[in-house]
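A.B. asks: Let me begin by handing over the structure; questions about it come next.
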Amino acid sequence: MTHYLITGGAGFIGSHLADALIKQGDEVTIIDDLSTGRFENIQHLVDNPRFNFAIDTITNEVVLDRLASMCDVIFHLAAAVGVRLIVENPVHTIETNIMGTEAVLKVAQRYRAKVLLASTSEVYGKGNRIPFRENDDVLLGATIYNRWAYAASKMIDEFLGLAYYQEKGLPIVIFRLFNTVGPRQTGQYGMVIPRFVNQALNNEPISVYGDGKQQRSFTWVGDVVDALISLSGNSGAIGQVFNIGHLKEISIYELAVLVKELCKSSSEIDFISYEDAYADAGNFEDMQRRLPDISKLNELIGYQPTLDLKEILKRIIDYHNPN
Ligand code: UDP
């Protein structure tokens, strides 16, 4: 039995990962400050003797040290996430992402725990060589656009993780998540699919930002969780960076149309300028396309996303509208 520590374990992806690890018979401890995570996401696990939790921040060194000392593998998912949150709370974003990762790597090194470090497709920034490959150059916007602070903070996390691997021999795997979706994701921090689904189910206007021609590819959270568990058990992954995503793109306008149709909604589709969408939109730039090359992950663990967007949306709609 392996004992896993999941930072950010009450969050959307972290809680699904905890479910899967408990299901396969392992022991799981999570730490989450419930800033964007929710206790409801883990409520059903608290009576399980193989599940432990601490509601605290990962920068509480005493607590993190104690938890790490009991674990074999750490999934570090705690981070400031969601474009709205990032744009509106840049200090919190930078501090959480950099200081949090520093704290996790330090304790992992102390107890020689393996670390799987969450990064993001945002690190590819405005790169226009599509699809994005792990070793591509990155092109971020100017520092006055605070959206890029998130990418830069995650790049520092990657550098630091790889430095611990190279200099101190700490076993570390870095994964860059592309848009990941599923039940428990909330629209509160700006994520497009839960927002569109809630708007459509309530027959409220669906808010397409900009001209809606920007594209994204969406991955089912269960596929991401399976990939994370495979990566954690594969020694060939150590010291490497992997994209995790889906190859099928859709424009945000087409997404709005599809969500509306699947919800049998009478919602209008509204176009909202970025100025109106974000409080600090003068400092905002969106990305037009964001598509991963997933061949590296496929070659190592045979990764292939199992669900297409329509099926993913149906499951998310059922979650939000159980009747
Ligand atoms: N978006 C939108 N309406 C919303 C929320 C988001 O049109 O209510 C757009 C957003 O501008 C971006 C895309 O949907 O182009 C995906 O946004 P999200 O925040 O989910 O993820 P991102 O890919 O930006 O990290």
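FYI, it's all coordinate maths here, none of it is from the lab. Owing to the predicted nature of the structure, the values given are computational and were not obtained by experimental measurement. Cβ atoms come from the backbone with ideal geometry, glycine included; neighbour counts cover every protein chain shown.
A.B. asks: Between Thr93, Thr36, Thr306, find the one with the highest GNM mean-square fluctuation for the chain; connect C-alpha pairs within less than 10 Å.
C.D. replies: Thr306
A.B. asks: For Tyr145 paired with Gln288, estimate the spin-label separation in nm (one decimal), with each label point 7 Å from Cα along the Cα-to-Cβ line.
C.D. replies: With each label placed 7 Å out from Cα toward Cβ, I get 1.2 nm.
A.B. asks: Between Leu262 and Asn135, what is 0.36 nm times their sequence separation minus the Cα-Cα distance? Round to one decimal in nm.
C.D. replies: On the way: separation 127, 0.36 × 127 = 45.72 nm, distance 3.79 nm.
Going from the current span to full extension adds 41.9 nm.
A.B. asks: Ranked by Cβ crowding within 10 angstrom, fewest neighbours first, how are Val225, Val46, Val83, Val104 ordered?
C.D. replies: Values: Val225 22, Val46 10, Val83 19, Val104 27.
Fewest-to-most Cβ neighbours within 10 Å comes out as Val46, Val83, Val225, Val104.
A.B. asks: Here is a follow-up. Suppose each label sits 7 Å from its Cα in the direction of the beta carbon; what would the Lys168-Glu61 distance come out to in nanometres?
C.D. replies: 1.3
A.B. asks: Give me the net charge for the shell around Pro305: Cβ to Cβ below 10 angstrom, other residues only, Lys and Arg +1, Asp and Glu -1.
C.D. replies: Working: positive: Lys248; negative: Asp223, Asp226, Asp308.
Taking every Cβ under 10 Å from that of Pro305, the sum is -2.
A.B. asks: Report the net charge of residues surrounding Gly233, where surrounding means a beta-carbon distance below 13 angstrom and charges are Lys +1, Arg +1, Asp -1, Glu -1. Could you put the intermediate results ahead of the total?
C.D. replies: Numbers: positive: Lys114; negative: Asp26, Asp72, Asp226.
Its environment carries a net charge of -2.
A.B. asks: Please figure out what share of the DSSP beta bridges in the chain is antiparallel and state it in percent, rounded to the nearest 5.
C.D. replies: Values: 2 of 38 bridges.
Around 5 percent antiparallel, to the nearest 5.
A.B. asks: Applying 1/(1 + (r/R0)^6) with R0 = 35 Å to the Cβ-Cβ distance of Glu311 and Glu88, what FRET efficiency is obtained, to the nearest 0.05?
C.D. replies: On the way: r = 33 Å, r/R0 = 0.94.
So the FRET efficiency works out to roughly 0.60.
A.B. asks: Using label points projected 7 Å from each Cα along Cα→Cβ, tell me how many nm separate Ile98 and Asn202, to one decimal.
C.D. replies: 3.7
A.B. asks: List the equivalent ellipsoid semi-axes of the chain in whole Å, largest first, each obtained as the square root of 5λ for an eigenvalue λ of the Cα gyration tensor.
C.D. replies: Details: eigenvalues 187, 100, 73 Å².
Ellipsoid half-lengths, sorted descending, are 31, 22, 19 Å.
A.B. asks: Over 5 Å intervals from 0, what percent of Cα-Cα pairs in segment 260-323 sits in each interval?
C.D. replies: 4, 11, 11, 12, 15, 18, 15, 10, 4, 0
A.B. asks: Using R₀ = 22 Å, calculate the FRET efficiency as 1/(1 + (r/R₀)^6) where r is the Cβ-Cβ separation of His44 and Ser230; round to 0.05.
C.D. replies: Taking R0 as 22 Å, the efficiency between His44 and Ser230 is 0.35.
A.B. asks: Moving to a separate point now. Segment 194-251: D in µm²/s via Stokes-Einstein (Kirkwood Rh, Cα pairs, 37 °C, 0.692 mPa s)? Mind dumping the intermediate values first?
C.D. replies: Values: Rh = 14.4 Å.
Answer from the Stokes-Einstein relation: 228 µm²/s.
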